[in-house]
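All remarks here apply to the structure that follows.
The values are calculated or read from the model by the stated rules, or taken from the named source; none is laboratory data. Values in this document were obtained by computation on a predicted structure and should not be read as measured data. Positions of Cβ are generated from backbone atoms using ideal geometry, with glycine treated the same way; all protein chains shown enter the neighbour counts.
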Amino acid sequence: MFLENTVNHKEQFGWIEVICGSMFSGKTEELIRRLKRAQFAKQKVEIFKPVVDVRYDEEMVVSHDSNEIRSTPVPAAANIPILADGCDVVGIDEAQFFDDEIVKVCNDLANSGVRVIVAGLDMDFKGNPFGPMPALMATAEYVTKVHAVCTRTGNLAQYSYRKAQNQDIVMLGEIDEYEPLSRGAYYKAILRDRLRKINVQESKEITPDKNQSTSQDIT
């Protein structure tokens, strides 16, 4: 369980908290909860998200259950330090979409006395570590891994299975495009997808092209 730290003003150093997990696991919900607690305590808080994340709102950070908090969309991690000047707490959502500079930005902020709270997907839809998240998790003082519930087994889910055929690593989507799955359910789904692709390919090779002429065509 995550226990919130207290600022030691003699040390003058902050820290990094990472909230990670699959789609629909409550990452953004937990990020918003921590940030609102800081705001209630009259701390100066700034929240950032990548400009590509426009699923619910262009400016608000919004969780899947419609909880929200105002944020500043930025095109690159390098924009954050300038906009976060004088803050006590900095929140960053969807960190996996940022460039690798986000790791240095977070550490520089923490070294200057700022509490940095980062939320993001730890794995992409292929089950591989996602963007800068592994490095952020390695350098953070606190890492909280949250889980969704597998829609097929009811077990804890840590994989974000993409139902759409798009193979791009970055693809924004919701429940129509993604499904949280447990390890067993995920690998069964991946195997089924591979077999389906093989069957489709074999079917294309066997079926003749109707547009091609045959030896029986009259010339």
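Computed quantities for the displayed model
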item	result
Pick from the range 99-126, criterion out of contact with any strand residue (DSSP E or B) (no Cβ under 6 Å at 6 or more places or on another chain) and assigned to a loop (DSSP other than H, G, I, E, B), ranking: nearest to Lys49 (Cα to Cα)	Asp99
Of all residues making up the range 81-115, the number that are under 20 Å from Gln12 (Cβ atoms) and of a type outside the set (Lys, Arg)	18
Cβ pairs under 9 Å, 6+ apart, first in the range 189-216 and closer than 30 Å to Tyr161 by Cβ and in a helix (DSSP H, G or I), second among the small types (Gly, Ala, Ser) and at pLDDT 70 or above	Ile190/Gly127
Candidate set: the range 73-106, residues that are over 27 Å from Tyr161 (Cα atoms) and in contact with a Leu (Cβ under 9 Å, 6 or more places away or on another chain); chosen: the one surrounded by the most Cβ atoms within 10 Å (Cβ to Cβ)	Cys106
Subset of the range 66-77 (residues that are at pLDDT below 95 and not in a loop (DSSP other than H, G, I, E, B))	Glu68, Ile69, Arg70, Thr72, Pro73, Val74
Looking only at the range 179-219, and only at residues there that are modelled with pLDDT of 80 or more and of a type in the set (A, V, I, L, M), the one that is farthest from the chain's Cα centre (by Cα)	Ile198
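Let's see how each residue does on (1) within 17 Å of the chain's Cα centre (by Cα); (2) modelled with pLDDT under 70:
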{"residue": "Phe13", "(1), (2)": "no, no"}
{"residue": "Phe24", "(1), (2)": "yes, no"}
{"residue": "Val45", "(1), (2)": "no, no"}
{"residue": "Pro50", "(1), (2)": "yes, no"}
{"residue": "Met60", "(1), (2)": "yes, yes"}
{"residue": "His64", "(1), (2)": "yes, yes"}
{"residue": "Ile82", "(1), (2)": "no, no"}
{"residue": "Asp93", "(1), (2)": "yes, no"}
